[in-house]
1. With the checklist (1) modelled with pLDDT under 90; (2) in contact with a helix residue (DSSP H, G or I) (Cβ under 6 Å, 6 or more places away or on another chain); (3) not in a loop (DSSP other than H, G, I, E, B) in hand, flag the one item residue 35 doesn't pass.
2. Tell me whether the range 67-78 contains one or more residues that are at pLDDT 70 or above and in a loop (DSSP other than H, G, I, E, B).
3. May I ask you to say which residue of 52, 92, 58 is part of a loop (DSSP other than H, G, I, E, B), surrounded by 14 or more Cβ atoms within 10 Å (Cβ to Cβ) and modelled with pLDDT of 85 or more?
């Protein structure tokens, strides 16, 4: 248990103490931390043959994105995951995850903490 608690503060999880007052919220927080820890354990096992750490694998997966597809500016659009590059595809296969072919579009604008170059800012 102590090892799990220490691991929950690592770079992969980036969890820090939170102060909650209700018992249900405390239990919820502990559940999420332990679930994330268990997922990291499973990824470490599944990616072991790829000779990659969980942190490196997650950084590689962060490069995966979606494309919005619409026809002639139609109101109905959908999101599609492009074919990932080989390194990302190996991680997904090793994790035994089946990627969806189409994702619903919900008109949600994604944000980033990084400053975008002025050429990429939509006006």
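1. The one condition residue 35 does not meet is (2).
2. Yes, the range 67-78 contains at least one residue that is at pLDDT 70 or above and in a loop (DSSP other than H, G, I, E, B).
3. Details: 92 fails: part of a loop (DSSP other than H, G, I, E, B); 58 fails: part of a loop (DSSP other than H, G, I, E, B).
Only one candidate qualifies: 52.
The values are calculated or read from the model by the stated rules, or taken from the named source; none is laboratory data. These numbers were taken from a predicted model, which means no experiment stands behind them. So basically every Cβ, Gly included, is an ideal-geometry build from the backbone, and we count neighbours across all protein chains shown.
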